[in-house]
Amino acid sequence: MQIIFLHPHFTNAGGAGRMVLETGYRLAQRGHEVHCICIRADANIVAEASKTIRFHEIGGPLSSSIWFWLRFRRSCSKVSRLIDDILLQQDPAVLFPQVFPANWWASWVLRRHRSLPCVWYCQEPSAFIHSSRWINALPSPKNWIAWLMNPYLRCQDLRNCSRFETILVNSQFSKTYTEQIYGYESAKVTTVYLGVNRDQFFHDPTTLRKNWVTTICRLTSFKNVDSIIRAIARLVNAGNRSLQLQIVGDGDCLDSLVTLATKLGITSHVCFHGQASDTKVRELLQHSSVFCLASDEEPFGLVAIEALACGTPVVAINRGGPREIIEGFGCGVLVENSTPEKLAMGISAVIDSKHDFYAMSQAALRRARDFDWDLTTAEIERLLARQITERQSSKRDS
């Protein structure tokens, strides 16, 4: 079959993009013709996947730009024309849109191709539409523009997403949230967890652990990295003078976070790495004693299971996807909220051996085995094929 991914862009190494690359590559290895339509696909990001996935770039500004939205209909038309060309081939095709605004592209296409099978992978309902915390986290003037446009965007999003008959999500938390936002019946929404690339993320028993805490994320206020920095300051001031925080990622809050570390007097205890390669990330995780994920309602938390695959215990908030990953498996510590006090307690519980680190590390490795890209891909393949079969049967019956 022909599988047509729709994804906004590949300009950073986020979890949603990684899902496309990992599953798209494996679907192509299974003999399917895999396409991916996006605004831009940077060669350093798509890397090996570009050898098996056919990337179609529509060009133009990224979806974070106001110019993208002023030209949104043009981007829809470009996506639609590309799909028209793909559908000229004889093999059955299925549309597989990903995160916003790719789902809006799909809705536009389905208005013309009503019989085209479509499965939406909803990493989460668009946070910039349905989450006030995300909107407030935007830098000015984007935040007030988002609030001004919110009534229209919310109405449009609900209308567009009503066209999808089959929806996949990345956690039970996301399933519940998606059903609440869009009013989907539970039977329409299926949880398909993300996986770990064990060629990239693995435990190295010869690597010595250091007194490091690592966090990896987009540096926005929603990720609460400022709380992690304040938690590190509390622990350093309490006597843990060798503690180091490794921060991987960039974003709008970078400058303010650097300023915060300086204000707290812990610049020698905080290292900002910016964007880093998988190799660099793996090395940081293998050396670290704790991985900390401080966002309050993370839909899943791919970086958390990549940390577990390196044998690194995780400290996270007791909500969202991380709860499903950690709770009851002994591979980390869940804290009630993202305040510096609670995060410091969680980090201290691991590094001060209040829990047996070796036991937690072994539990982390066992838990990581439950998340596998090959299993994820096989389930996606089954559901996409089922959607094609059901649509073909429906056409014959009509």
Would you calculate a helix-derived [θ] at 222 nm for the chain, using -39,500 (n - 2.57) for each DSSP H run of n ≥ 4 and dividing by the full residue count, to the nearest 500? -14500 deg cm²/dmol
Per the charge dipole of the chain (beta-carbon charges, Lys/Arg positive, Asp/Glu negative, Cα centre), the residue among ALA146, GLN362, LEU293 reaching farthest to the positive end is ALA146
State, to one decimal in nm, how far the label point of THR190 lies from the label point of ARG218, with both points 7 Å from Cα in the Cβ direction. 2.8 nm
Can you give me the Kirkwood hydrodynamic radius for the chain, using every pair of distinct Cα atoms, in Å to one decimal? 22.0 Å
Simple Cβ-charge dipole of the chain, Lys/Arg +1 and Asp/Glu -1, about Cα centre, in debye nearest 20: 780 debye
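Please give the contour-minus-distance gain from GLN362 to LEU254: 0.36 nm per residue of separation, less the Cα-Cα distance, rounded to one decimal in nm.
The GLN362-LEU254 span can extend by a further 35.5 nm.
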Report, to the nearest 10°, how far helix 15-29 tilts away from the longest principal axis of the Cα atoms in the chain, using its own Cα long axis and a range of 0 to 90°. 60 degrees
Rounded to 10°, Cα long-axis angle of helix 340-351 versus longest principal axis of the chain: 80 degrees
Take GLN90 and THR206, extend 7 Å from each Cα along the Cα→Cβ direction, and tell me the distance between the two endpoints in nm. 5.4 nm
Cα-based helix-to-principal-axis angle, 225-237 vs the chain, degrees rounded to 10: 10 degrees
Could you check the spin-label model distance between THR339 and GLU48? Points 7 Å from the Cα along Cα→Cβ, value in nm. 4.5 nm
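Read the figures in this text as sums done on the coordinates, not as results from a lab. Predicted, not measured: the structure shown is a model, and the values here were computed from it. Here Cβ is always computed from backbone atoms with ideal geometry, including for glycine, and neighbour counts include all displayed protein chains.
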